[in-house]
1. What number comes out for accessible area per residue over the range 184-297 if the probe is 1.4 Å? Units Å², please.
2. Probe radius 1.4 Å, ligands and nucleic acids ignored: give me the carbon and sulfur share of the accessible area of the chain as a rounded percent.
3. Note the full-extension length gain between Met1 and Arg124 as 0.36 nm times their separation in residues minus their Cα-Cα distance, in nm to one decimal.
4. Using a Gaussian network model of the chain with C-alpha springs under 10 Å, which one of Thr380, Thr111, Thr292 is most mobile by mean-square fluctuation?
5. Over the Cα atoms of the chain, what is the Rg over Rh ratio if Rh follows Kirkwood?
6. Out of Gly242, Gly377, Gly62, any idea which swings most in a Gaussian network model of the chain, alpha carbons joined below 10 Å?
7. Highest mean first, what order results for 247-253, 129-135 on Cβ atoms within 10 Å?
8. May I ask you to give the solvent-accessible area per residue for the range 62-155, in square angstrom, as obtained with a 1.4 angstrom probe?
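The values are calculated or read from the model by the stated rules, or taken from the named source; none is laboratory data. Fair warning: this is a prediction, and the values are worked out from it, not measured in the lab. FYI the Cβ positions are ideal-geometry reconstructions off the backbone, even for glycines, and counts take in every protein chain you see. Areas reflect the complete protein model, heavy atoms only, side chains present, ligands, DNA and RNA absent. Shrake-Rupley method; radii C 1.70, N 1.55, O 1.52, S 1.80 Å.
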Amino acid sequence: MLTEIKALATELQPRLVEMRRHFHAHPELSGQEHQTAAYVAGVLSSCGLQVTEEVGKIGVVGELEGTGADSRRLAIRTDMDALPITERTNLTFASNNPGVMHACGHDIHTTVGLGIAMVLSQLRDRLPGNLRFLFQSAEEIAQGAGWMVADGAMEGVDHILGVHVFPSIPAQSLGVRYGALTAAADDLEIIIQGESGHGARPHEAKDAIWIAAQVITALQQAISRTQNPLRPVVLTIGEITGGRAPNVIADQVRLAGTVRSLHPETHQALPNWIETIVNNICASYGATAQITYARGIPSVQNDPTLTQLIEESAVEAWGRDRVQVLPEPSLGAEDFAMYLANAPGSMFRLGVGNPDRANPPLHHPSFMADESAIHTGVVTLAYSAWRYWQHID
Ligand code: NI
């Protein structure tokens with residue numbers, strides 16, 4: 001089966017490159033991927049898949065029913081959105097949509113998803129079970145996966161696989177990760193309420209700016225002294241506002257930030273931990289705090305069995321030296337985690353680096369993906385999918 005999948009993917013590669021360049025030249029922002037979604041639906045229909053549009057607002061679902069007796073359904077997820085970045089690559093197929101760019105490789109993901117559908121639909125009579133393709137909108141704003149799940153896209157799905165490009169891994173190689181791949185990302189807002197007064201008479205006021213400084217310092221220090229250092233937490237205050245005049249003590253300061261963590265127990269404990277520290281500091285100086293802790297997306301925790309499925313399939317396809325087992329997770333966030341709340345799964349990192357040039361990071365205006373990665377992605381996922389019904393109990 002690997003030979004057949006590779007041969008079909010090789011034959012399709014020029015067409016897939018053409019598709020990818022089309023997506024790259026026509027990027028659409030999160031929640032606005034109408035043309036991309038219509039294109040995806042057209043290709044899936046032409047492959048004979050049963051297609052449902054407008055799932056999770058703009059998402060597309062394609063069902064490929066196998067001919068075997070295995071009733072289990074495997075899902076493959078790809079995302080379609082681009083970023084509000086002005087492209088600076090000089091590619092002949094650079095963005096035609098000013099200020100919008102596929103700088104996170106979702107054009108590659110969409111193409112890989114379509115490539116798998118094109119390959120496996122030609123091998124349908126040998127597919128033991130059913131495959132569901134999820135093309136989601138709005139990953140960059142961490143919303144699309146939740147919309148898909150709310151619309152029932154995970155109903156009847158037993159396991160799910162996902163892929164994300166990675167510029168620091170060379171093209172034609174890939175990385176799998178056992179356990180945590182990305183972090184939980186939560187939003188934090190703290191409004192400190194003190195009391196205004198004359199800048200020369202601090203004893204008659206409650207200085208919210210000085211108290212805010214204590215709060216920020218205390219939170220950073222408390223991470224190092226109260227959190228298990230083997231379970232990382234990053235707390236970044238990215239916004240601070242308060243005060244109106246140099247000689248007037250500020251009565252209110254607003255802090256806003258992001259909180260990243262990997263371990264589920266840490267993630268669970270964070271809101272109370274932050275509240276206790278902030279409230280105690282504010283109380284000791286007579287101020288109050290209003291704390292809003294909003295849970296964002298959880299950490300992507302890759303299932304070991306499904307990760308092994310991808311790893312073994314990739315090693316068989318490409319050889320051991322092209323398959324890395326990634327030693328470290330990232331503290332970035334990925335809404336693939338929303339699917340994993342419904343079914344176990346695994347997401348891997350597809351190398352798109354080109355050893356002959358600089359490889360700027362994701363979300364950079366000069367980010368470029370080596371297109372040979374499309375073939376690697378299609379074969380790895382198509383073969384992993386086929387092996388799923390043989391190797392996963
Ligand atoms: Ni991305």
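1. Working: 6180 Å² over 114 residues.
On a per-residue basis, 54 Å².
2. Working: 8270 of 16400 Å².
Here it works out to 50 percent.
3. On the way: separation 123, 0.36 × 123 = 44.28 nm, distance 1.18 nm.
That pair, Met1 and Arg124, stretches by 43.1 nm at full extension.
4. In this elastic network of the chain, the residue with the biggest mean-square fluctuation among Thr380, Thr111, Thr292 is Thr292.
5. Numbers: Rg = 24.0 Å, Rh = 22.6 Å.
Reported Rg/Rh, Kirkwood definition of Rh: 1.06.
6. Comparing Gly242, Gly377, Gly62 in a Gaussian network model of the chain, the most mobile one is Gly242.
7. Values: 247-253: 18.6, 129-135: 24.3.
Those peptides, ordered most packed to least, come out 129-135, 247-253.
8. Values: 3040 Å² over 94 residues.
So the range 62-155 comes to 32 Å² accessible per residue, rounded to a whole number.
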